[in-house]
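Worksheet: one structure, shown below.
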Ligand code: 13P
């Protein structure tokens, strides 16, 4: 019912030449892939990625402005992304929350902008190590889910991504059981707001996903794919994750 989605978040990595090679290698290895595939390079490479994306690969951005348009130097709006045939946007990544002080309230406003422009919004949530050690992980994550979707009436364009902060870029992955438990809790929470749609909303896991641990994660009933950082920069490694999907 929920098609597996495997999304690569390049963060502030990559160059033009590498993007070309990456998409070529990716395209050559997708023949038997059943998952939906999304690559999210930095803004400046989006149009090039859209032009070069092989069949079956969509392109997304890593952020967008909360504003519709106007005098906001340096900001890129959801409307501009849609105009450039970008189909999705990652919102509320923990790096944006931590390094750029983005609140869940701001994320909810961005989700509404993305919705209006017809972009898929991948809404990221996740607890810190300290919060997990204090036994607060589920409470923190569910509060982020509620606040980041506050006032978002229609969930048809929404994907959730559970990314425990302590697992990002550290080589430590949540165990498949722990991840499944959190995903199930997120889905119960989504049912409160989206009774009809909750079972169709995809919940991705993110945090040190690699070719070697993807299959175990994807085998869990509420893990509907992955948001991949480091391993999405290497087409061969990324193809291994896709093969597990
Ligand atoms: P890593 O896969 O490098 O841990 O990053 C995860 C992430 O932040 C994806 O958004």
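Applying the set (1) within 16 Å of the ligand (Cβ to nearest atom); (2) farther than 24 Å from residue 200 by Cβ; (3) without any contact (Cβ under 8 Å) to a residue 40 or more places away in the chain to residue 59 leaves exactly one unmet item: (2). Quick check on my filter: what residues within region 130-160 are over 17 Å from the mean Cα position of the chain (by Cα) and within 26 Å of residue 86 (Cβ to Cβ)? Selection gives 147, 150, 151, 152, 153, 154. Look at (1) in contact (Cβ under 8 Å) with a residue 40 or more places away in the chain; (2) within 16 Å of the ligand (Cβ to nearest atom); (3) within 14 Å of residue 220 (Cβ to Cβ) and you find that residue 165 fails only one, number (3). Counting the residues of region 220-237 that are under 25 Å from residue 1 (Cβ atoms) and in contact with a strand residue (DSSP E or B) (Cβ under 7 Å, 6 or more places away or on another chain) gives 7.
Checked against (1) surrounded by fewer than 19 Cβ atoms within 10 Å (Cβ to Cβ); (2) free of Cβ contacts under 8 Å to residues at least 40 places away in the same chain; (3) on the phi < 0 side of the Ramachandran plot, residue 45 passes all but a single condition, namely (1). Pairs linking a residue in region 88-103 that is more than 15 Å from residue 206 (Cβ to Cβ) and modelled with pLDDT under 95 to a residue that is assigned to a strand (DSSP E or B) and away from the ligand (no atom under 11 Å from the Cβ), with Cβ atoms under 9 Å and 6 or more positions apart or on different chains, do not occur. Scanning region 116-129 for residues that are under 15 Å from the mean Cα position of the chain (by Cα) and outside any loop (DSSP other than H, G, I, E, B) yields 120, 121, 122, 123, 124, 125. Suppose we filter 117, 138, 131 for residues that are away from the ligand (no atom under 16 Å from the Cβ), in contact with a helix residue (DSSP H, G or I) (Cβ under 7 Å, 6 or more places away or on another chain) and free of Cβ contacts under 8 Å to residues at least 12 places away in the same chain; which single one remains? Exactly one residue qualifies, and that residue is 131. Of the numbered criteria (1) surrounded by fewer than 16 Cβ atoms within 10 Å (Cβ to Cβ); (2) closer than 15 Å to residue 235 by Cβ; (3) at pLDDT below 95, the one residue 33 fails is (1).
Across region 205-224, the qualifying residues are those that are under 18 Å from residue 187 (Cβ atoms) and within 10 Å of the ligand (Cβ to nearest atom), and the one among them that is surrounded by the fewest Cβ atoms within 10 Å (Cβ to Cβ) is 206.
The values are calculated or read from the model by the stated rules, or taken from the named source; none is laboratory data. As the structure is a prediction and not an experimental result, all values here were calculated from the model. All Cβ positions, glycine included, derive from the backbone under ideal geometry; neighbour counts span all protein chains shown.
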